[in-house]
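Enquirer: Following this message is one structure expressed as structure tokens.
The values are calculated or read from the model by the stated rules, or taken from the named source; none is laboratory data. Predicted model, so just to flag it, every value in this text is computed and none were measured. Note that we place each Cβ from the backbone using ideal geometry, even for glycine, and neighbour counts take in every protein chain shown.
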Amino acid sequence: GNSVTQMEGPVTLSEEAFLTINCTYTATGYPSLFWYVQYPGEGLQLLLKATKADDKGSNKGFEATYRKETTSFHLEKGSVQVSDSAVYFCALSDQRNTPLVFGKGTRLSVIA
Amino acid sequence: DAGVTQSPTHLIKTRGQQVTLRCSPKSGHDTVSWYQQALGQGPQFIFQYYEEEERQRGNFPDRFSGHQFPNYSSELNVNALLLGDSALYLCASSLLGQGKSGNSPLHFGNGTRLTVT
């Protein structure tokens, strides 16, 4: 079945450091890929998405590129801020409006 | 424009009891999905409601049931609560109708934290 594997957390970085959170997936067909972010005490917010191979999703300085050959969708940001501290979830959906399958999440803490 | 709202925010129940959680979707959305997020885990899909019917269901027992009302709001019911049902229950809404292409993005509420003792 479909699955998403994320790097284990927690990840602790200093402000302005470079961030990479790895995500790989297993799916039939050509899934759409997503990154969601969950701030403390809140629900999930869509951060970015990509719907086909080689697409790059970007938002708020975060980027992720859909790599079909490596079945990956790694999240990157060039310079993190304290306000980026949250839990990040990689997710996929293999057809229009099928349920999202989430990874376990990666907790990021950014210290000043 | 109100987003997805869930109630209550927190709830404590005893094993064997029943619980009802409520969700109002984002304005303009017609589909509601429910997810269970155990501590330290990603959300797990429970079921999805559209046009007042359960359209898709995840791997959850029949103790988990739901309902969607004509105004698109939804309820999640869990019977015979177990300790393992303790989790954050997330409601997400989207727009399924009108033949949208691609994946309609989900908008999540802040969740209901259920504790079963």
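Enquirer: What do you reckon, is A:Lys60 in contact with a helix residue (DSSP H, G or I) (Cβ under 9 Å, 6 or more places away or on another chain) and surrounded by fewer than 13 Cβ atoms within 10 Å (Cβ to Cβ)?
Expert: yes
Enquirer: Does any residue of region A:63-81 turn out to be of a type in the set (Phe, Trp, Tyr) and closer than 24 Å to B:Val32 by Cβ?
Expert: No, region A:63-81 contains no residue that is of a type in the set (Phe, Trp, Tyr) and closer than 24 Å to B:Val32 by Cβ.
Enquirer: Same structure, new question: Restricting attention to region A:98-107, does a residue exist that is more than 17 Å from B:Gln44 (Cα to Cα) and either acidic (Asp, Glu) or in contact (Cβ under 8 Å) with a residue 24 or more places away in the chain (or both)?
Expert: Checked region A:98-107: at least one residue is more than 17 Å from B:Gln44 (Cα to Cα) and either acidic (Asp, Glu) or in contact (Cβ under 8 Å) with a residue 24 or more places away in the chain (or both).
Enquirer: Answer yes or no as to whether A:Leu48 is among the aliphatic types (A, V, I, L, M) and closer than 20 Å to B:Leu90 by Cα.
Expert: yes
Enquirer: Does at least one position in region A:24-35 carry a residue that is in contact (Cβ under 8 Å) with a residue 12 or more places away in the chain and under 28 Å from B:Thr9 (Cβ atoms)?
Expert: Within region A:24-35 (the criterion being in contact (Cβ under 8 Å) with a residue 12 or more places away in the chain and under 28 Å from B:Thr9 (Cβ atoms)), the answer is yes, since at least one residue qualifies.
Enquirer: Which is surrounded by fewer than 21 Cβ atoms within 10 Å (Cβ to Cβ) and either without any contact (Cβ under 8 Å) to a residue 40 or more places away in the chain or under 24 Å from A:Gly41 (Cα atoms) (or both), of B:Gln56, B:Gln68, B:Gln37?
Expert: Numbers: B:Gln68 fails: surrounded by fewer than 21 Cβ atoms within 10 Å (Cβ to Cβ); B:Gln37 fails: surrounded by fewer than 21 Cβ atoms within 10 Å (Cβ to Cβ).
Selected residue: B:Gln56, the only one of B:Gln56, B:Gln68, B:Gln37 that is surrounded by fewer than 21 Cβ atoms within 10 Å (Cβ to Cβ) and either without any contact (Cβ under 8 Å) to a residue 40 or more places away in the chain or under 24 Å from A:Gly41 (Cα atoms) (or both).
Enquirer: Could you figure out which of (1) under 23 Å from B:Leu106 (Cβ atoms); (2) more than 11 Å from chain B (Cβ to nearest Cβ); (3) without any contact (Cβ under 8 Å) to a residue 24 or more places away in the chain isn't true of A:Gly43?
Expert: With (1) under 23 Å from B:Leu106 (Cβ atoms); (2) more than 11 Å from chain B (Cβ to nearest Cβ); (3) without any contact (Cβ under 8 Å) to a residue 24 or more places away in the chain applied to A:Gly43, the lone miss is (2).
Enquirer: Which one is surrounded by the fewest Cβ atoms within 10 Å (Cβ to Cβ), of the residues in region A:22-34 that are of a type in the set (Phe, Trp, Tyr) and in a strand (DSSP E or B)? It would help to see each step written out before you state the result.
Expert: Here is the first cut: in region A:22-34, the residues of a type in the set (Phe, Trp, Tyr) are A:25, A:30, A:34.
Next cut, in a strand (DSSP E or B) only: A:25, A:34.
Working: A:Tyr25: 21, A:Phe34: 28.
By that ranking, first place goes to A:Tyr25.
Enquirer: Follow-up. With respect to the numbered conditions (1) more than 11 Å from the chain's Cα centre (by Cα); (2) more than 10 Å from chain B (Cβ to nearest Cβ); (3) surrounded by fewer than 16 Cβ atoms within 10 Å (Cβ to Cβ); (4) not charged (D, E, K, R), which one is the sole condition not fulfilled by A:Leu19?
Expert: A:Leu19 satisfies every listed condition except (3).
Enquirer: Still on this structure, please answer the following. Every residue in region B:35-45 that is facing chain A (nearest Cβ under 9 Å) and touching a strand residue (DSSP E or B) at 6+ places or on another chain (Cβ under 8 Å), please.
Expert: Result: B:Tyr35, B:Gln37, B:Gly42, B:Pro43, B:Gln44, B:Phe45.
Enquirer: Could you tell me which of the residues A:Glu8, A:Glu76 is surrounded by fewer than 21 Cβ atoms within 10 Å (Cβ to Cβ), acidic (Asp, Glu) and at pLDDT below 95?
Expert: A:Glu8
Enquirer: Go through (1) without any contact (Cβ under 8 Å) to a residue 60 or more places away in the chain; (2) assigned to a strand (DSSP E or B); (3) within 13 Å of another protein chain (Cβ to nearest Cβ); (4) small (Gly, Ala, Ser) and name the single condition A:Ala91 misses.
Expert: With respect to (1) without any contact (Cβ under 8 Å) to a residue 60 or more places away in the chain; (2) assigned to a strand (DSSP E or B); (3) within 13 Å of another protein chain (Cβ to nearest Cβ); (4) small (Gly, Ala, Ser), A:Ala91 is out only on (1).
Enquirer: While we're on this one: With the requirement that a residue be assigned to a loop (DSSP other than H, G, I, E, B) and under 14 Å from A:Tyr36 (Cα atoms), what does region A:100-112 give you? Quick ask: steps written out before the conclusion?
Expert: Kept after step one, since they are assigned to a loop (DSSP other than H, G, I, E, B), are these residues of region A:100-112: A:100, A:103-105, A:112.
Passing the criteria: A:Leu100, A:Gly103, A:Lys104, A:Gly105.
Enquirer: Still on this structure, I have one more. Within region A:83-108, how many residues turn out to be among the small types (Gly, Ala, Ser) and within 10 Å of the chain's Cα centre (by Cα)?
Expert: Summing the residues that are among the small types (Gly, Ala, Ser) and within 10 Å of the chain's Cα centre (by Cα) in region A:83-108 gives 3.
Enquirer: Of all residues in region A:89-112, count the ones that are hydroxyl-bearing (Ser, Thr, Tyr) and buried (at least 18 other Cβ atoms within 10 Å of the Cβ).
Expert: Residues meeting the conditions: 2.
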